[in-house]
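Enquirer: I'd like to ask you about the structure that follows.
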Amino acid sequence: MSESFYVTTPIYYVNDVPHIGHAYTTIAADVLARYHRSQGHRTRFLTGTDEHGQKIFKASKAQGLKPIELANQVVERFRVLWDRLGISFDDFIRTTQDRHAQVVQNIWKRVEGNGDIYLGSYEGWYCTGCEEYYTESTMDEGNLCPIHKTPLERLKEKSYFFRMSKYANALLEHIERHPEFIQPEIRKNEIVSFVKDGLRDLSVSRTSFDWGIKVPGDPEHVIYVWIDALTNYISGLGWNGTDRGGELFEQFWPAVHLIGKDILRFHAVYWPTLLMSAGLPLPKTVYAHGWWTVEGEKMSKSLRNVVEPHALVDAYGKDPVRYFLLREVPFGLDGDFSHHAIIGRINAELANDLGNLLRRSVTMAEKYTDSMAPKPGEQNELDKGLMNTAVASARDSARHLDNYAFHKALVSIWELVRAVNRYIDEAAPWTLYKKGERERLGTVIFHILEAIRWVAVMIGPFMPDTARTICEQLGISDDDEHMMRKSIEQWAGLAVGSRVKKGPALFPRIEPDRAKVLIFQFTEPLAESKQEHAVEDKMINIDDLKKVDLRLGLVKEAERIPKSKKLLKLMIDLGEEEPRQVVAGIGLAYTPEQLVGKRLLVVANLEPVKLMGVESKGMVMAAGPGGENVVVAQFDGELPAGESVH
Ligand code: ME8
């Protein structure tokens, strides 16, 4: 029996229309699914939508719609976009479908049957945006959500709990034994330290609204939306509530879950512990990719910089968008979307390297070998070099895809693209033609066409239409056999005599005038909204500024505040009799040792506050988005502590 491969995307919320972030995960999953199919593996690719919970309920109310009406509208938007982006999913699951609700209730019953669900009450700080409770130590100062920066709601409700705490050790053991389980490494480390801090039991039902799946036997409660949502990965396989799970489950589980790093904890802690309790195998891999910003800014509706995938496809075409998103940024890392960058890559790598290669090669075959793939003669060293590069490129690109390193796979493929361009220059078919060296000419043209065929097969998962167009121009019939990886296991798979035919340019260059127009169109709303924000933000005058007592503070001592990851207690010399105690939320970015001896910029006249019970009499200034990415403002040189800043 052939190997099987099951890949999933997150199921997306239907309170918002799809944007480039959703497209990114889904394209990555599509590339993997296409790649595995081309390997001859039995492959299944699931995507879908997450339609329950308070967030959707509130969003629908705000629009005067029933939740299901909102869901139906937005689901359509996702479907249309996936179609446009060439997403080859095998199934699309909606959490409002009956087939899903039954599975969620079944998994609940199994977990309950194992004694892992009990009734209690929950009080905490809730963010509807995240659909999650925060604790004093995980929320931001001022009772704000650490993700959305919006006020959290204090909620108290009766709730069922899942005994997640019971599974902490088993989870750590599993992570240890299965290095491929949480990737990349940095995300694994995050989860390990989170779990080592101890797991609490998880509140898994809500009574404050009823837009969800009912708790079996207690219809006053709906099942927590994340338990509902995560279960899609097995309801999409028709899990039938038994150990074996039914035909699809047996064939395809466990899955590779591709997700964004924002939802790692749900996938790497909640979901596996739930599966353990239900007695089911854990996912093979949870791969959390990075986060896209846009032209250096966080994507947000209020900045009007949300990148709309349809507009991108309109401007650049489907395959270039797919290529760019996976080529630009290593999969596990954060990246920035910029129109300059996509235009740069389209012109250099797609139009120049690949598009020109095909064009000049087909033109030569038309002119020198009667529009046919000629019969090759004996290989010389140059030919062997090209063949070896092709073999290496196929091997490397496959290995990189097996490791989710999409960008490296593309780099390996482009090594071949560039090698063919060099080969043409060195073999100089035009000279052979002039000299009438027909046999050698035939060998060279064959090698060029065969190498391009290898490129087409390798780029197939990334740029399916482009691959097909290349095959057409090489006279390869449009059947799937030729797009299979097997077809590049051996050199010289191109049929001698296949008819070569020029077509339109693969990727038209984006000339500078057009580039300017595109960049203007895309970035204008952003610039406008920035201006609006600037006007809205009140100006201050010099007297306002003088009210702030800014001083140079020399850090004398620093230590962590127990039970807090972020907060550090600093003793800072501000030129006063005694050092001042200041609490700073920079503990993910700095160790206490790193801070001692630094000369920092400190606000000295801020009203004292207590943070986690520790008094803070001032504030350390720092820049950056937060968490590990924060840099303190500090002074060079040896100026004395307490020096005022103006
Ligand atoms: O979280 N950069 O749904 P969601 C990269 N329903 N990827 C991004 C992104 C960005 N700026 N913004 C979003 C949910 N994504 C839950 C999931 S799964 C059982 C339930 C992508 O609509 C990324 O994949 O908020 C992220 O994980 C997902 O969209 C979140 O989609």
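Throughout, read-outs are computed from the coordinates displayed, never taken from laboratory work. Every value quoted in this text rests on a predicted model; they were computed, and no experiment measured them. Every residue, glycine as well, gets a Cβ built from its backbone with ideal geometry; the counts of neighbours run over all protein chains shown.
Enquirer: For the chain, what ratio Rg/Rh do Cα atoms give with a Kirkwood hydrodynamic radius?
Expert: Details: Rg = 29.1 Å, Rh = 28.1 Å.
Using only Cα positions, Rg/Rh for the chain is 1.03.
Enquirer: In addition: Output the peptides 432-439, 347-354 sorted from most to least packed, where packing is the average of other Cβ atoms within 10 Å over each peptide's residues.
Expert: Working: 432-439: 13.1, 347-354: 19.0.
By packing density, highest mean first, the sequence is 347-354, 432-439.
Enquirer: In whole Hz, with x marking every Gly and Pro, tabulate ³J(HN,Hα) for segment 570-585 from phi via Karplus 6.51 cos²θ - 1.76 cosθ + 1.60, θ = phi - 60°.
Expert: 10, 9, 10, 7, 10, x, 9, 4, 10, x, 8, 8, 10, 9, 10, x
Enquirer: Ok, one more. For 523, 369, what's the fewest-to-most ordering of other Cβ within 10 Å of each Cβ? Walk me through the numbers before you get to the answer.
Expert: Working: 523 16, 369 21.
Ascending number of Cβ neighbours within 10 Å: 523, 369.
Enquirer: Moving on to the next point. What FRET efficiency do you get for residue 177 and residue 300 if R0 is 45 Å and r is their Cβ-Cβ distance, rounded to the nearest 0.05? Kindly include the intermediate steps, with their values, before the conclusion.
Expert: On the way: r = 40 Å, r/R0 = 0.90.
Once the sixth-power term is evaluated, E becomes 0.65.
Enquirer: Here's another thing I want to ask about it. Treating the angle as unsigned and between 0 and 90°, give the value, to the nearest 10°, between the Cα long axis of helix 20-38 and the longest Cα principal axis of the chain.
Expert: 40
Enquirer: Here is a further query. Efficiency by 1/(1 + (r/R0)^6): what FRET value for residue 308 and residue 411, r their Cβ-Cβ distance, R0 = 22 Å, to the nearest 0.05? Display every interim value, and only then the final one.
Expert: Working: r = 29 Å, r/R0 = 1.30.
For R0 = 22 Å, the calculated efficiency reads 0.15.
Enquirer: Which whole-number percentage describes the relative contact order of the chain, with Cα contacts under 8 Å and a sequence gap of 6 or more? All intermediate terms of the calculation are to be shown ahead of the outcome.
Expert: Working: 1093 pairs, mean separation 71.3, N = 646.
It comes to 11 percent, rounded to a whole number.
Enquirer: So what J values fall out for segment 551-559 if you push phi through Karplus, 6.51 cos²θ - 1.76 cosθ + 1.60 with θ = phi - 60°, rounded to Hz, Gly and Pro as x?
Expert: Listing the rounded values in order: 9, 7, x, 9, 6, 9, 9, 8, 8 Hz.
Enquirer: Shifting gears a bit: Note down the nm distance, to one decimal, between modelled labels 7 Å out along Cα→Cβ at residue 118 and at residue 208.
Expert: Here the modelled spin labels are 2.4 nm apart.
Enquirer: At 0.36 nm per residue, and after removing the present C-alpha to C-alpha distance, how many nm does the segment from residue 610 to residue 576 gain when stretched out fully? Write out the running numbers ahead of the final one.
Expert: On the way: separation 34, 0.36 × 34 = 12.24 nm, distance 2.12 nm.
10.1 nm is the gain from fully extending residue 610 to residue 576.
Enquirer: Hey, rough spin-label estimate for residue 194 and residue 403, points 7 angstrom out along Cα→Cβ, what's it come to in nanometres?
Expert: Result: 2.5 nm between the two label points.
Enquirer: Note the angle between two axes, namely the Cα long axis of helix 318-328 and the longest principal axis of the Cα atoms of the chain, as a number of degrees from 0 to 90, rounded to the nearest 10.
Expert: It is inclined by approximately 60 degrees.
Enquirer: What is the order of 431, 95, fewest Cβ neighbours within 10 Å to most?
Expert: Values: 431 10, 95 25.
Ascending number of Cβ neighbours within 10 Å: 431, 95.
Enquirer: Cα axis of helix 406-427 to longest principal axis of the chain: angle in degrees, 0 to 90, nearest 10?
Expert: That works out to roughly 30 degrees.
Enquirer: About the Cα centre, and with charges only on the beta carbon of Lys, Arg (+1) and Asp, Glu (-1), how big is the dipole of segment 48-100? Nearest 20 debye, please.
Expert: In debye, rounded to 20, segment 48-100 gives about 300.
Enquirer: How much net charge surrounds residue 642 when only other residues with a Cβ under 13 Å from its Cβ are counted (Lys, Arg +1; Asp, Glu -1)? Could the numbers behind the result be given before it?
Expert: On the way: positive: 551, 556, 580, 599; negative: 549, 573, 576, 577, 578, 643.
Cβ neighbours under 13 Å give a net charge of -2.
Enquirer: Related question: For a footprinting-style exposure proxy, rank 9, 285 by other Cβ within 10 Å, fewest first.
Expert: Values: 9 24, 285 17.
So the residues, fewest neighbours to most, are 285, 9.
Enquirer: What order do you get for 379-392, 444-457 when each peptide is scored by the mean count of other beta carbon atoms within 10 Å, highest first?
Expert: Values: 379-392: 16.3, 444-457: 25.1.
Highest mean packing first, the order is 444-457, 379-392.
Enquirer: Normalised by the empirical 2.2 N^0.38 Å for globular proteins, what value does the Cα Rg of segment 217-358 take? Intermediate values should be presented prior to the final figure.
Expert: On the way: Rg = 20.4 Å, N = 142, 2.2 N^0.38 = 14.5 Å.
Cα Rg divided by the expected 2.2 N^0.38 Å: 1.41.
Enquirer: Using +1 at the Cβ of each Lys and Arg and -1 at the Cβ of each Asp and Glu in the chain, identify which of 293, 232, 631 lies farthest towards the dipole's positive end.
Expert: After comparing all options, I get 232.
Enquirer: Residue separation times 0.36 nm, minus the C-alpha to C-alpha distance between residue 638 and residue 384: what's the value? Working shown, then result.
Expert: Details: separation 254, 0.36 × 254 = 91.44 nm, distance 6.45 nm.
Between residue 638 and residue 384, full extension yields an extra 85.0 nm.
Enquirer: Quick test of your reading: applying the under-4.7 Å Cβ rule, which cysteines of the chain are isolated?
Expert: Unpaired cysteines in the chain: 471.
Enquirer: While we're here: Taking amide hydrogens as modeled 1.01 Å from N in the peptide plane, which residues meet the under 5 Å criterion relative to residue 293, leaving out close sequence neighbours?
Expert: The list, which skips near neighbours in sequence, is 335, 336, 337.
Enquirer: For the residue pair residue 596 and residue 547, what label-to-label distance in nm results when each label sits 7 Å from Cα along the Cα-to-beta-carbon direction?
Expert: Those two pseudo-labels are separated by 3.8 nm.
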